[in-house]
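The values are calculated or read from the model by the stated rules, or taken from the named source; none is laboratory data. Please read all numbers here as calculations on a predicted model, not as lab measurements. Note that we place each Cβ from the backbone using ideal geometry, even for glycine, and neighbour counts take in every protein chain shown.
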Amino acid sequence: MTLTRIDPRSAYRSALDWADGLVAGVRPEQLDGPTPCAEFDVRTLVRHLIATVNKIRAIGEGVSPFAMPHIAPDAPDLPAAFATAVTGMWTVWSDDALLDAEVAVPWGRAPGRAALWGYVNETLVHGWDLAVATGQHAEADPELATTVLDLARRLIPTERGGEVPFGAVVEPAAEAGPTEQLANWSGHRR
C-alpha cells in the first residue's frame, strides 16, 4: 500500500465515526478522569481530538498547522463541538484535488492524502485512549486499524526522541487487538 495512491477519506470517515461514538459515550462524571495519555484528562483529550480535526481542516485550507491550537477551547457540549469540527473538515477535504496537493503538516510537507493518513492514525490512537479511559469498546474497525498499524510500523521510526513525537514502543499484550497494538506502537499503554 502506498500513501500516494489510496484515497484515505473513507478510512478517516470510519475513524471519525468511531471517535464520534466514543465522545458521545463519555459520561459527565468521567470528564476529569485520567487517560492513558498522561498529559490529558478525559475532557482535555476530547478537546485535543476536536483540535486535530480542526487542524487537518486548516491544513487543507493552506493554514500552517503550527497556527492551530493543540487543544480546542472548552465547550458546554463536547459531542456537538466534535461533530461541528468534523462537518467543517469535510467541507474542505471533499475536494478531490486536495488529495494530490502538497500541504504543510507538522512533520514537514506532504501530499494531502498522506496528511489525512496521519490524522487517521491520530484519531485511532487517541480514540483508543478515550475508550480505555471511559470503559468503552477500545477497538475500531479491525481492518482499518490493521491498515493504519502497518503504515505506522513503516513510517514511524522505532527509535524515538528528538523530533519524533511518540513515546517508546510498548510491547502489546498477547490479546491486544489491532487498535491497541497501534496505540502501543505510538507509545500508549493501558
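Here are the numbers for this structure:
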| item | result |
| --- | --- |
| Selection status of Leu45, of a type in the set (A, V, I, L, M) and out of contact with any Cys (no Cβ under 8 Å at 6 or more places or on another chain) | no |
| Residue pairs meeting the criteria (Cβ under 9 Å; at least 6 apart or on separate chains; first over 24 Å from Asp20 (Cα atoms) and of a type in the set (Asp, Glu), in the stretch 141-156; second modelled with pLDDT under 90 and surrounded by 19 or more Cβ atoms within 10 Å (Cβ to Cβ)) | none |
| Filter pass, Val120 being surrounded by 21 or more Cβ atoms within 10 Å (Cβ to Cβ), in contact with a His (Cβ under 7 Å, 6 or more places away or on another chain), under 28 Å from Arg27 (Cα atoms) and not small (Gly, Ala, Ser) | no |
| So Ala140, is it at pLDDT 95 or above, hydrophobic (A, V, I, L, M, F, W, C), outside any helix (DSSP H, G or I) and buried (at least 16 other Cβ atoms within 10 Å of the Cβ) | yes |
| Qualifying positions in the stretch 173-187 - modelled with pLDDT of 90 or more, in a loop (DSSP other than H, G, I, E, B) and not aliphatic (A, V, I, L, M) | Glu175, Gly177 |
| Within the stretch 100-128, tally of residues that are hydrophobic (A, V, I, L, M, F, W, C) and farther than 22 Å from Glu143 by Cα | 6 |
